[in-house]
Structures are given as C-alpha cells and as structure tokens.
Amino acid sequence: MIDKNILFIGPYATKPKGGVAFVLYEYKKLYPDSYFVTSTITKNSITKVYGFAFGILKLLYFLLTKNYIKIVHIHSASYSSFRRKYIFYQVCSFFQKKIIFHLHGGAFQEFYETANNQIASKIEGILNNVSCVVCLSNNWKVYYQKQFSPKKIEIIPNIIDFNEKENLRATKTNDTLVFLFLGLIDSNKGIWLLLDTLREHRNELIGKAIFNIGGNGETQKLQRLIKEYELEGVVIFIGWVSGEQKSKRLQEADVYLLPSYNEGLPISILEAMSYSLPIISTYVGGIPEVVSSENGILISPGNKEELRAAINYFIELNREERYSLGQNSHIKVRPYLPAEVNKKLNNLYTTLLTEHSQYI
C-alpha cells in the first residue's frame, strides 16, 4: 500500500463545488489512507483566509510527524489558486519531498503570459523544478513542454464517477429538446453569450427547446437577465444541483452545453458524456480530445452564430441520430473511469517512490 506515502493538497473536497474539488473527492475513494490538506474553503473571504492558514498548519504537522510521507501531490488552478499553492510548494520543498504539481486551470496560459516578472519567475521555478508536472490533456502537455522545462510531465485525465443508470430521455413523450448547462455562472463559461444568443432567437425557440442552467456564481445577474431578456419560457435556472438531483437532470437532458472561453478538461463534460449526452462546447483546452463530430459539435469561443447553428442542429436532428451521438459519448469517456485513472496514478507514484531521492 502506497497510500500513506502520499499527501494531497487542494480545495475543500468533502462537499465538492467545482471540478478540482470533485477530483480530490474521487481521489479520497481511491486512496482512503492517504493524507489530505485543504488549501482553501471558498465560502467567503474570511473562510478563505482561515482555510489557507489552517491548511499550512496542518501540512506542517503532517510533514513533521509523518516521516513516511514521500510524495506531495498539489492540485492547482491559475491566479489566486496558484499563489496559494506556491506557499505550500515552498513548505514541501523545505522538507525535501517529491512534489507533483497538477495543473487544472484552463486560463493558465493567459495567467503566465500576463503575469509580472515576479509571478512569472515563481511559475517557472515550480514547473521547472518539481518532480513531475501533471496536466489534463495532450494539448496542455505540448504547451507546457514548449514553454517550460519540466523534469517530468504526465497526462492524467480528470476522473469521473461513471454512470450506468437508465437513460430517462428514451421514454420522453414530448418533442421539446432539453439543453443542460452545469457549472460556474460567469463570463468565462460563456453563459452571457448563451443568454444573448437565446434572446436574439427567443421566438424561434419557444416550444422547441428548454435550457436548464445550474450552478453557482453570478446567479443574481443570471436571473435578472432571464427576466430582462424575457426568456422565462426558454431558460430555467435550477440552482446548484448535486447528488441524485444532478443525476436526474443529466438523465432527463438531451444535449449538454458548455460554451467556455477557457478550460482544462471540464469534469462537467465528462460527466455528461457518461450519461450518454451529445455535447456542444468550444475548441479550448483538452475539450477537442473528447468531443468531435462523432459525439457533438465544437464552436469557436465567443461566436454567437456558431452557437445558434449548433443549437439549431440538435433541434432539427432526429432522435435516433441524437441517440447515436450520445452513445459515442458514453464510449469515448471510458478512459476517465476511476480504474483507468487509478492505474496512471499508481504508475506515477510507484515510479517516483522507486527513484533515488531528488531534492528540490
């Protein structure tokens, strides 16, 4: 058992809200005897500071008292997430641990290219010196290898809890197509672009399509725009959904929609694929590696005309063809099952543990 040799650092994962937290939630199932340190609790600014400080203290306690911890696996996004993880990285470096730096941020390229010299130097210092950089897709691997000089870089895809439940959409009795969006309600996810597109074509969509939007973030702005754009008959805000409620929404949907501007490899798309949903998304991050014409449509980020055309394509598509695209999603997502990801993780951990000590 290698569990006790590994310590994970990342966001609060007991009740995950967000992709990275969900990944760590699944990792806890794979490595129940490993150690987990929460880097932040994202309820408000006070809990963020408290969570960060407590996380540093907890990390120090583990590293001082658990000498058998050999590997620290840090999960990071961009901007403030990276700045927090840099402090954790420094602590782990002082204790001469092997460090895996796992990058999830879809905006990491923009973060690095717009960073000041001090932040850019810190980014380079981490990615060029940790024992291994982990990214989510081949597209990101090419970028990191070109931009930095990592000692070792591996692709470990995000993990999903695979769905084998009955598909409720097969028993639908009406022809209204249900589109589903689940995620952070903000500009980066393309939600305002979606609403603007729906506003322009509202009359054409009434009675043909319903757009269920679930998530957290700028929810008040979302609800205000739904009213302002008179989209009540087309768009329904379903709030934050999780567990059985989320499962039911995914089973009832016909198409999953995520018109993001930046992404790593979204958990939400992988989850939707496990529910046999065809996908509408964008040519960003690792998305083109899992979504193609075989199981959906990709559009240019920010392009309203392409988004409208993609929506219309699925409205006009017959049920059998839509079902076939969804089945292809179900097949393509199998490499992201827990057992497959677990193999990749175990291979990485075993390799690092058997190598000679490499102090950072």
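Screening residue 25 with (1) in contact with a Ser or Thr (Cβ under 9 Å, 6 or more places away or on another chain); (2) modelled with pLDDT under 85 gives one miss only, at (2). Listed by first and then second residue, the pairs linking a residue in the stretch 6-19 that is without any contact (Cβ under 8 Å) to a residue 40 or more places away in the chain and surrounded by 21 or more Cβ atoms within 10 Å (Cβ to Cβ) to a residue that is in a loop (DSSP other than H, G, I, E, B) and not β-branched (Val, Ile, Thr), with Cβ atoms under 9 Å apart and 6 or more places separating them unless they lie on different chains, are 12/39; 12/43.
Return the only residue of 294, 355 being surrounded by fewer than 16 Cβ atoms within 10 Å (Cβ to Cβ) and at pLDDT 95 or above. Give the derivation first.
Numbers: 355 fails: at pLDDT 95 or above.
Every option except 294 fails the conditions.
Residue check, residue 85 against (1) at pLDDT 95 or above; (2) among the basic types (Lys, Arg); (3) surrounded by fewer than 20 Cβ atoms within 10 Å (Cβ to Cβ), all met but one. Which one? For residue 85, the exception is condition (3). Would you confirm whether any residue within the stretch 281-295 is in contact with a helix residue (DSSP H, G or I) (Cβ under 6 Å, 6 or more places away or on another chain) and in contact (Cβ under 8 Å) with a residue 60 or more places away in the chain? Yes, because at least one residue in the stretch 281-295 is in contact with a helix residue (DSSP H, G or I) (Cβ under 6 Å, 6 or more places away or on another chain) and in contact (Cβ under 8 Å) with a residue 60 or more places away in the chain. Look at the stretch 217-238: where a residue is surrounded by 14 or more Cβ atoms within 10 Å (Cβ to Cβ) and modelled with pLDDT of 95 or more and a partner is outside any helix (DSSP H, G or I) and among the acidic types (Asp, Glu), sitting 6+ places away or on another chain with Cβ atoms under 8 Å, you get 218/186; 226/232.
Count of the stretch 286-324 residues, restricted to those that are part of a helix (DSSP H, G or I) and over 22 Å from the mean Cα position of the chain (by Cα), is 18. Taken as a whole, the structure leaves residue 29 outside the set of residues that are surrounded by fewer than 14 Cβ atoms within 10 Å (Cβ to Cβ) and under 17 Å from residue 99 (Cβ atoms). Scanning the stretch 103-141 for residues that are under 22 Å from residue 72 (Cβ atoms) and of a type in the set (S, T, N, Q) gives 121, 128, 129, 131. Restricting 113, 154, 124 to those that are free of Cβ contacts under 8 Å to residues at least 24 places away in the same chain and assigned by TED's automatic domain parsing to the domain that holds residue 346 reduces the list to 113. Residue 212 fulfils the conditions (1) part of a loop (DSSP other than H, G, I, E, B); (2) modelled with pLDDT of 95 or more; (3) surrounded by 15 or more Cβ atoms within 10 Å (Cβ to Cβ) except for a single criterion, (1). Kindly indicate whether any position in the stretch 66-78 is within 23 Å of residue 187 (Cα to Cα), part of a helix (DSSP H, G or I) and in contact with a His (Cβ under 9 Å, 6 or more places away or on another chain). No, the stretch 66-78 contains no residue that is within 23 Å of residue 187 (Cα to Cα), part of a helix (DSSP H, G or I) and in contact with a His (Cβ under 9 Å, 6 or more places away or on another chain). Number of residues in the stretch 268-292 that are within 17 Å of residue 139 (Cβ to Cβ) and out of contact with any Cys (no Cβ under 9 Å at 6 or more places or on another chain): the value is 14. Which one of the conditions (1) charged (D, E, K, R); (2) touching a helix residue (DSSP H, G or I) at 6+ places or on another chain (Cβ under 8 Å); (3) under 20 Å from residue 18 (Cβ atoms) does residue 70 fail to meet, given that it meets all the rest? Condition (3) is where residue 70 drops out. Evaluation of residue 341 against the conditions (1) buried (at least 16 other Cβ atoms within 10 Å of the Cβ); (2) farther than 21 Å from residue 178 by Cβ; (3) at pLDDT 95 or above shows that the sole unmet condition is (3).
The values are calculated or read from the model by the stated rules, or taken from the named source; none is laboratory data. Because the structure is predicted, anything quoted here is derived from the model rather than measured. Here Cβ is always computed from backbone atoms with ideal geometry, including for glycine, and neighbour counts include all displayed protein chains.
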